[in-house]
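No value in this document is a laboratory result; all are computed from the given coordinates. Here the structure is a predicted model, which is why all the values come from computation and not from measurement. For neighbour counting, all protein chains shown are included, and Cβ atoms are generated from backbone atoms with ideal geometry for every residue, glycine included.
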Amino acid sequence: MWLRTSCELSFYIAVPTPFILMLRPRSNAQQWVAKEEYKISPHVLVYEHTDGYSNLYQRLIAPEGAFSIRTSADVKVVDQLDQTPGAPFVEVQNLPDQVLSYLLPSRYCESDRFNEMAIEITNGKAPGYDQVASIEKWLCKRILYTPGESNFAISAVEVNQRQSGVCRDLAHLGIALCRSLSIPARLVVGYLYDLKPMDLHAWFEAYVGDRWYTFDAVHQGARAGYVAVGYGRDAADVAVFNQFGPSVFPTVQTVRVEKIDEFI
């Protein structure tokens, strides 16, 4: 499946403001980025770097006045997400070094608080993929998805108390439940084709059977159309923009995902 993603962010800047942006998808085993456009108005000097999670970041100083970022990408994504019921749990001593950080509690995923709850949710399931699938099913049935409810991330403990949240919040709870069972889990932010209402989306991946698998606390099952932009322990690692100084919020935020016949 070929998808064309686009995102526009517009701000009014009162004083010169440093930004760190994360808006460029990278090619990997699940997606191929064939074409990109990245426009900043007014144009300023931009430095790009790769963080510890292999995300592409752009650093700049936004000038006073109207400031906008427009991105688009043509991406080939898999037609069907992999599902492997029965994929085994990987013992901690056998995990790759780069996966170990996804076992630990983090700012928004207090996994040390959820062991008993995770055991109850996954009762009778084989360790590994089947446990994560059970967590995904439980989240979709029990935690209310409320798009547009909040601009601020809340932690897994808060999500469980509220029993509701945006996609990012539900993913935080899924991650915490997985980690409490010693299953590495990470947050992914990006685009999802045919998401309603359309916006940037967040889901989670779990490491079982010696690889990462996609799970979605909002849309259970192996639907296609995901374009990943960033990976991290939780929302603190994958914000599409961070700004430093007086707080600013987008005056315009427009996200589109279109299906195209083929890349031309």
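Between L104 and S150, what is the label-to-label distance in nm when each label sits 7 Å out along the Cα-to-Cβ direction?
The modelled label-to-label distance comes out at 2.5 nm.
Can you check what the Kirkwood hydrodynamic radius comes to for the chain, Cα pairs only, in Å to one decimal? Kindly include the intermediate steps, with their values, before the conclusion.
Values: mean 1/r = 0.0524 Å⁻¹.
Over the chain, the inverse of the mean reciprocal pair distance is 19.1 Å.
Cβ neighbours within 10 Å, averaged per peptide: list 41-50, 245-254 in order, most packed at the top.
Ranked by mean Cβ neighbours within 10 Å, highest first: 245-254, 41-50.
Looking at the stretch 76-154, which chymotrypsin sites (Phe, Trp or Tyr not before Pro) are DSSP coil and have at most 10 other C-beta atoms within 10 Å of their C-beta?
Taking the stretch 76-154 and a limit of 10 other Cβ atoms within 10 Å, the loop chymotrypsin sites (Phe, Trp or Tyr not before Pro) found are F152.
About its Cα centre, how strong a charge dipole does the chain have in debye, to the nearest 20, once Lys and Arg get +1 and Asp and Glu get -1 at the Cβ? Intermediate results must be reported in sequence, preceding the final value.
Details: 24 positive and 30 negative charges, 58 e Å.
Taking the Cα centre of the chain as origin, the dipole is about 280 debye.
Of all chymotrypsin sites (Phe, Trp or Tyr not before Pro) in the stretch 166-264, which ones are in loop regions per DSSP and have a Cβ with at most 16 other Cβ atoms within 10 Å?
Answer in residue order: F244, F263.
Percent of Cα-Cα pairs more than 26 Å apart in the stretch 92-237, please.
15
Relative to the longest principal axis of the chain, what angle (0 to 90°, nearest 10) does the C-alpha long axis of helix 129-142 take?
Once rounded, the angle reads 70 degrees.
Once you keep just the Cα pairs under 8 angstrom separated by 6 or more residues, what percentage relative contact order results for the stretch 143-264?
The normalised contact order for the stretch 143-264 reaches 22 percent.
GluC sites (Glu not before Pro), restricted to the stretch 190-264: which are DSSP loop and have at most 10 other Cβ atoms within 10 Å?
Sites meeting the loop and neighbour criteria: E262.
At 0.36 nm per residue, minus the direct Cα-Cα distance, what do K196 and S41 gain on full extension? Give it in nm, one decimal, please.
Contour length minus the Cα-Cα distance gives 52.9 nm.
For K125, give me every one of the aspartates and glutamates with a C-alpha distance below 16 angstrom, ignoring sequence neighbours fewer than eight places off in its own chain.
Qualifying aspartates and glutamates at Cα under 16 Å: E116, E136.
Specify the inter-centroid distance of the stretch 165-186 and the stretch 23-90, based on alpha-carbon positions, in whole Å.
The stretch 165-186 and the stretch 23-90 have Cα centres separated by 22 Å.
Rounded to the nearest 20 Debye, what is the dipole magnitude of the stretch 95-228 about its Cα centre when Lys and Arg each give +1 and Asp and Glu each give -1 at the C-beta?
It works out to roughly 180 debye.
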